[in-house]
Amino acid sequence: MSTTLFIGLGRMGAPMATLHAQALATAVFDLSSEAVASVSEAGGATPVTDLKSIPGDVDTVILMLPSSRQVEETLSGEEGLLHRLGEGALIIDMSSSEPTSTRSLAQRAQEHGIDYVDAPVSGGVPKAKTGELSILVGGSAEAVERAMPHLEVMGSTIIHVGDEGAGDAAKAINNLVSASNIAVACEALTVAQNFGIDPAKMAEVLNSATGRSQASELKITKYILPHDFTSGFAYDLMLKDMTIARGLAESLETPVTATAFDKLSTGRAQLGDAPDHTEISRLYGLGQ
Ligand code: NAD
């Protein structure tokens, strides 16, 4: 018998871990004991209340944490899982992490005889619930093959992008495009409104014409126009992903995404506590 330890049961991790537990033997941990209890009940997972006492047959660890900071804290140091998992274990980091941190952790994992795969996801909470996420994978062919039975439970599209860190880089670049698209769509509605066109009518135009995007079809229509900022993806997590992608673009000429990043990062202070990422629209006076 082997057990997978799933760490990080937030907006994304809870539904992902529930699906994982329904398919494969799973133990779950989060700093929130309520989250541990709720996922254990929903998915039939084994609750873990302290990472110092994990089940003895854990050979795979899946992480779905906010950022590389928490991933490093969990894996590194004397008490970290890199020291406590046995040789031959597998770590799958599904958080949207920093590619350079991932490369360094993968290197250290290898020194302990542990396989390491980065497998960040796209699709948000709705696709996490249905197991239809897009999963962007980085790692060696052998490690990715080992990870596949776990990933297939949670995703319907799985792309092996390249070596360790490549999944994280691709995820950050995708979110740079996604956030820039939301900003562009908001600007389009503002320009239309200034000319006297109802923003909802302009959204209808974008969605039936070549200006459409996932941002115009979903984010504008479902969250921004109704002023219902409940997408479940935090503004600060989006900004973290954009910061990672801008770091990758540092020496390149990329003025369009640089401007979008500048708008979102300088606008953050206007948005108060824990805004949803769709509140980008408030920077344009839409959705106030
Ligand atoms: P979240 O804030 O809802 O959940 C994070 C969870 O991690 C919380 O339950 C928190 O208690 C737990 N946690 C934090 N530090 C911990 C630690 N040291 N040990 C154990 N548990 C810890 O975040 P989320 O929205 O679920 O996002 C998770 C990751 O997925 C992020 O990297 C994010 O960028 C990415 N992501 C999110 C979405 C989305 O739509 N929310 C979509 C794609 C990718």
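Given the rule -39500 (n - 2.57) for each run of at least 4 DSSP H residues, summed and divided by the residues of the chain, what is its mean residue ellipticity at 222 nm, to the nearest 500 deg cm²/dmol?
-14500 deg cm²/dmol
With N set to the number of residues, divide the alpha-carbon radius of gyration of segment 170-284 by 2.2 N^0.38 Å and report two decimals. Intermediate results must be reported in sequence, preceding the final value.
Details: Rg = 13.9 Å, N = 115, 2.2 N^0.38 = 13.4 Å.
It is 1.04.
At 1.4 Å probe radius, can you tell me the per residue accessible area of segment 170-284 in Å²?
Working: 5880 Å² over 115 residues.
Here the per-residue accessible area is 51 Å².
Give Lys129/Lys171; Lys127/Lys219; Lys127/Lys201 a once-over and call out the pairs whose C-alpha atoms are over 26 Å from each other.
Working: Lys129/Lys171 19 Å; Lys127/Lys219 15 Å; Lys127/Lys201 28 Å.
Cα-Cα > 26 Å for Lys127/Lys201; rest within.
For segment 214-237 and segment 1-37, what is the centre-to-centre distance using only Cα atoms, to the nearest Å?
27 Å
Work out which helices of the chain, taken as complete DSSP H runs, extend at least 27 Å along their axis over the Cα atoms and score a mean Kyte-Doolittle of -1.0 or more, then list them.
Details: long enough: 166-194 (42 Å, 0.58).
In the chain, the long hydrophobic H runs are 166-194.
Computed over the Cα atoms of the chain, what is the convex hull's projected area averaged over all directions, in nm²? If you can, show how the numbers build up before the last one.
On the way: hull surface 62.9 nm².
Spelled out: convex hull of the Cα atoms, projected over all directions, averaged, 15.7 nm².
For labels at Asp262 and Asp198 in the simple 7 Å Cα→Cβ model, what's the distance in nm?
Distance between the two pseudo-spin positions: 3.6 nm.
Which of the peptides 146-156, 130-140, 200-210 is most tightly packed, and how do the rest follow, judged by the mean count of other Cβ atoms within 10 Å per residue?
130-140, 146-156, 200-210
How large a share of the accessible area of the chain, in percent, is made up of carbon and sulfur atoms when the probe is 1.4 Å and the other protein chains stay in place?
Values: 6970 of 13430 Å².
Looking at the chain in its full context, I get 52 percent from C and S.
With a cut-off of 8 Å between alpha carbons and a minimum separation of six or more residues, what is the relative contact order of the chain in percent? Show your work: numbers first, answer last.
Details: 525 pairs, mean separation 37.9, N = 288.
Reported as a whole number, the value is 13 percent.
The values are calculated or read from the model by the stated rules, or taken from the named source; none is laboratory data. Note that the structure is predicted; figures quoted are calculated from it, not measured. No Cβ is skipped: glycine too gets one built from the backbone with ideal geometry, and neighbour counts run over all protein chains shown. Side chains included, ligands, DNA and RNA excluded: accessible areas come from the protein's heavy atoms. Shrake-Rupley method; radii C 1.70, N 1.55, O 1.52, S 1.80 Å.
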